[in-house]
Amino acid sequence: MKDPAPELLRTRLLGWYRRSKRRLPWRASSDPYRIWVSEVMLQQTTVKTVTPYYERFVERFPSLASLAAARDEDVLALWSGLGYYHRARNLVRGARVIAEKHAGVFPKTLEAALAVPGVGLYTASAILSIGYGEPLPVVDGNVRRVLARLFALRGAAYRKDGPFYNLAEGLLDREAPGDFNQALMELGATLCIPKAPLCPACPLRAGCRAREEGSQESLPEKTASRAPVQVTVAAALIRERGRTLLVRRPEGRLMGRLWELPQTSLESQGLPDLERELRERHGLLVKLGGLVATGRHAITFRRIRLEGYAATLKARPALDPDRLRFVSVAELPSLPMSSLTKKLLRGDARSQLPLALD
């Protein structure tokens, strides 16, 4: 089977995209800042999940200058529940660098864009091609899947991004690179999906080698993934005059600087380690009561069972508003908290067992 001419692929793909593209809020603007926010939020997260977060975020921080001037805590509070919190921290750091070095305008060259904290080749190329019309290809999981099937790509060479960038570069429509890149990603997100791809509706079906071979679902070739690990996290629900005791995680990549219930680490055994870890990590001496909330959560390869126990303090700690404090229900929405903590608080409020929270 002969590969179709790049010109024909471009025509078919762009025609389909312009007729069929989804109406997404970030596509309503050509502002590189808003494109940047959307691309960062969409990393490892679905469009459905991102959409309300994006809309709230750009309403609160409508410009790069407003984000650069924001408090980290306010940004993390808006990001709470979206996960991968290093993305939010890098977004703020990047905005401040751009405000300082580029007069608040996202840089227009690839070299300068790659110097912005948290901006890698994919993100830089997406912003520059969509926002500025720069002829740069992009490769994400959706693009890799489309290209692997279109050309029936197999073998060790195609476990890295380099060959896919070379292919995407050769196919790129240099007159409309932003639309072309979005079209490839859209095709992978809506039709050329991982399981049961919708080949009859695909604009590139006539030239697809995988479809010709019947190998759509076996491409791209999969790499071994880490097996899930079952973990139990136990937390103490300590109340005082209607307020709940929260502690702040230290700086770090995994949920750094977020507020949470005093709880065990991901390496613990759960309840058997709860009193000891609270004493060692936070200086809290507690008396534990009964189980009041359960739930489930997932972080990377971990599958977490959540257990919340009623608890009282044996000795009142010295409160530090930056590290440890009692918080009212009205204050909770303004604090950056992980989904894990929100699930336990929500489960405790329902006061029902057993709870199976998603």
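Every number here is computed from the coordinates shown, using simple stated rules; none is lab data. This one's a predicted model, so the numbers in the text were calculated from it and none came from an experiment. Methodologically, a virtual Cβ is constructed for each residue, glycine included, from the backbone with ideal geometry; neighbour enumeration extends over all protein chains shown.
Here are a few things to note about the model shown:
- Restricting region 221-317 to chymotrypsin sites (Phe, Trp or Tyr not before Pro) in coil, as DSSP defines it, with at most 16 other Cβ within 10 Å: Phe301
- Value in Å of the Kirkwood radius, where region 229-350 supplies the Cα pairs that are averaged: 14.4
- Among the trypsin sites (Lys or Arg not before Pro) found in region 206-278, those both in a DSSP coil and sparsely packed, with 13 or fewer other Cβ atoms within 10 Å of their Cβ, are Lys222, Arg226, Arg241, Arg253.
- P(r) weight above 15 Å for region 271-318, C-alpha pairs, percent: 55
- Extending 7 Å from the Cα toward the beta-carbon at both Glu240 and Ala224 defines two label points whose distance is 5.1 nm.
- Using alpha-carbon coordinates, inclination of helix 6-20 to the longest axis of the chain, degrees: 50
- For region 186-233, the square roots a ≥ b ≥ c of the C-alpha gyration tensor eigenvalues yield an a/c of 1.5 or more together with a/b exceeding b/c, which makes the shape prolate.
- Over the C-alpha atoms of the chain, the Rg to Rh ratio, Rh being the Kirkwood estimate, stands at 1.04.
- In the chain, the longest principal axis of the Cα atoms and the axis of helix 162-171 are about 50 degrees apart.
- Database remark: amide H of Arg302 closer than 5 angstrom to the amide H of Val229 (H placed geometrically; neighbours at sequence offset of 5 or more, or on other chains; Pro and chain starts carry no H).
- Shape category assigned to region 6-218 from the gyration tensor of Cα positions, a/c cut at 1.5: prolate
- Beta bridges by DSSP in the chain, antiparallel share as percent, to the nearest 5: 65
- Cα-based shape type of region 107-179, given that a ≥ b ≥ c are square roots of the gyration tensor eigenvalues and the cut on a/c is 1.5: oblate
- Our coupling estimate for region 138-155, obtained by passing each phi through the Karplus curve with A = 6.51, B = -1.76, C = 1.60 and θ = phi - 60°, is 10, 9, 10, x, 5, 5, 4, 5, 4, 5, 4, 7, 4, 10, 6, 8, 9, x Hz, Gly and Pro reported as x.
- Cα-based convex hull volume of region 117-223 per residue, rounded to whole Å³: 106
- In degrees, nearest ten, helix 86-101 long axis to first principal axis of the chain (Cα): 70
- Using only side-chain charges placed at the Cβ, +1 for Lys and Arg and -1 for Asp and Glu, the dipole size of region 46-134 relative to its Cα centre rounds to 100 debye.
- Among the listed pairs Lys160/Lys222; Lys48/Lys108; Lys21/Lys48; Lys21/Lys343; Lys48/Lys343, those beyond 23 Å (Cα-Cα): Lys48/Lys108; Lys21/Lys343
- Sites matching trypsin sites (Lys or Arg not before Pro) across region 52-92 that sit in DSSP coil, with at most 11 neighbouring C-beta atoms within 10 Å: Arg71
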